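The values are calculated or read from the model by the stated rules, or taken from the named source; none is laboratory data. Please read all numbers here as calculations on a predicted model, not as lab measurements. Ideal geometry is used to build each Cβ from the backbone, glycine not excepted, and the neighbour counts take in all protein chains shown. Note: accessible area is taken over every heavy atom of the protein model, side chains too, but ligands, DNA and RNA are not part of it. Shrake-Rupley method; radii C 1.70, N 1.55, O 1.52, S 1.80 Å.
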Amino acid sequence: MARVLSGVKSTGAVHLGNYLGAFRNWVADQDSDDAFFLIADLHAMTEPYEPSALATGTFDVAADLLAVGLDPARCTLFVQSHVPEHPRLAWLIECTVSFGELSRMTQFKDKARQRETVRAGLFTYPALMAADVLLYDADRVPVGDDQRQHLELTRDAAVRFNNRFGETFVVPEAAVPAHGARVMDLQNPTKKMSKSESSPLGTVLLLDPPEEIDRKIRKAVTDTDTEVRYDPEKKPGVANLLELLAAARGGDPATLAGDFAGYGPLKEAVSEAVVEILAPVRRRAQELRADRGYVTEALRLGADKARTVAAPVLDRAMRAAGLLAPAGGFA
Ligand code: TYM
């Protein structure tokens, strides 16, 4: 069985991009593979946040992931800060990758540009993400398109560490879905759909009620033309709707374009397909948010399982790097 690992930041409400680019593939992976999924709460600290909102955000994302269909009996779902091996291995990775490599990360550059003060953690965060993956000997990492560069860095770090210190880490591969890997903002279709507050109409949230989903999709920016054609360069808004439909219903966006005589019917079909997927998730998430005991217990079980895998890998890496092992080992 292959080992799979992926994660999601714990800040902000999760959205349709997270669902189509990542979560629904995770649900499939838990049946075919040995799957680990983490809620990256340490990542959430790399940008300004409210302490009172951090724990709530982590809990809510956990409830949402369970609502989507992750099952604690079939996968390992845990919170990053509950497994202390993560920041410990991150240090070894920080001492493996270079300043230049971290400076080239486009997500860092984008986020740093928006802030006067940039936290050191925002800069080094790709090393922590690499540690998330390498601690589990993951073969495959199912992510959306925007995580490709971080995965390349993870692979480079693993190869470099192995070359320098001997075979220690499995070198993982990114798995990016054919459709839905880069869901764009409905109001600004040249920008990816994201958790930022700046575009509430452009982002379909996982827990939006059906009327709200319908409203956002009907208001999606297209163009002044009327022809439904798949052309991401010249018609990014229409292409995004066709991508969404392909991701939600199956099929190929260019072929699906032929089914629609205008933007109205296309939007109606996209709205129906998205509502059909998200309505049951919303119902289940509402139940789970009220069931604190179930969610808390699922996360306890997950952290226990995660540590049994992560601890020996950390021990192996610390020893390989040449550190003096304490009596009883590093774990
Ligand atoms: P995050 O929280 O930004 O996103 C979680 C997952 O959702 C995907 N995604 C999208 N897919 C399609 N269209 C979009 N508009 C869209 N927006 C987000 C992301 O590609 C991702 O797969 N650093 C990671 C979390 C993380 C992680 C890891 C991932 C922490 N440790 C280890 C993989 C392995 C992040 O911030 O994802």
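Taken residue by residue, the stretch 76-93 has at least one member that is polar (S, T, N, Q), more than 10 Å from the ligand (Cβ to nearest atom) and either open to solvent by 10 Å² or more (accessible area, probe 1.4 Å) or without any contact (Cβ under 8 Å) to a residue 24 or more places away in the chain (or both). Scanning the stretch 162-186 for residues that are near the ligand (Cβ under 9 Å from one of its atoms) and either assigned to a helix (DSSP H, G or I) or of a type outside the set (D, E, K, R) (or both) gives 172, 174, 176, 177, 180, 181, 183, 184. Looking only at residues of the stretch 1-34 that are within 8 Å of the ligand (Cβ to nearest atom), closer than 16 Å to residue 174 by Cα and part of a helix (DSSP H, G or I), we find that the one that is most open to solvent (accessible area, probe 1.4 Å) is 18.
Just one residue in the set 158, 130, 174, 178 is more than 25 Å from residue 192 (Cα to Cα) and among the hydrophobic types (A, V, I, L, M, F, W, C); that residue is 158.
Results for (1) more than 13 Å from the ligand (Cβ to nearest atom); (2) aromatic (Phe, Trp, Tyr); (3) open to solvent by 30 Å² or more (accessible area, probe 1.4 Å), shown as yes or no for each residue.
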residue	(1), (2), (3)
130	no, no, no
138	no, no, no
142	no, no, no
145	no, no, yes
149	no, no, yes
153	no, no, no
160	yes, no, yes
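Do the conditions hold for residue 200, that is, is it without any contact (Cβ under 8 Å) to a residue 24 or more places away in the chain, closer than 27 Å to residue 44 by Cα and either outside any helix (DSSP H, G or I) or open to solvent by less than 40 Å² (accessible area, probe 1.4 Å) (or both)? Against the criterion (without any contact (Cβ under 8 Å) to a residue 24 or more places away in the chain, closer than 27 Å to residue 44 by Cα and either outside any helix (DSSP H, G or I) or open to solvent by less than 40 Å² (accessible area, probe 1.4 Å) (or both)), residue 200 qualifies. Screening 299, 256, 278, 288 for residues that are under 19 Å from residue 232 (Cα atoms) and open to solvent by less than 40 Å² (accessible area, probe 1.4 Å) leaves exactly one candidate, 256. Checking every residue in the stretch 94-108 against the condition of being without any contact (Cβ under 8 Å) to a residue 24 or more places away in the chain, in a helix (DSSP H, G or I) and within 12 Å of the ligand (Cβ to nearest atom) gives at least one match.
Being among the β-branched types (Val, Ile, Thr), open to solvent by less than 70 Å² (accessible area, probe 1.4 Å) and in contact with a Lys or Arg (Cβ under 7 Å, 6 or more places away or on another chain): is that true of residue 213 here? For residue 213, the condition - among the β-branched types (Val, Ile, Thr), open to solvent by less than 70 Å² (accessible area, probe 1.4 Å) and in contact with a Lys or Arg (Cβ under 7 Å, 6 or more places away or on another chain) - is not met. Residues that are in contact with a Gly (Cβ under 7 Å, 6 or more places away or on another chain) number at least 2 in the following helices (runs of 4 or more DSSP H) confined to the stretch 239-331: 292-320.
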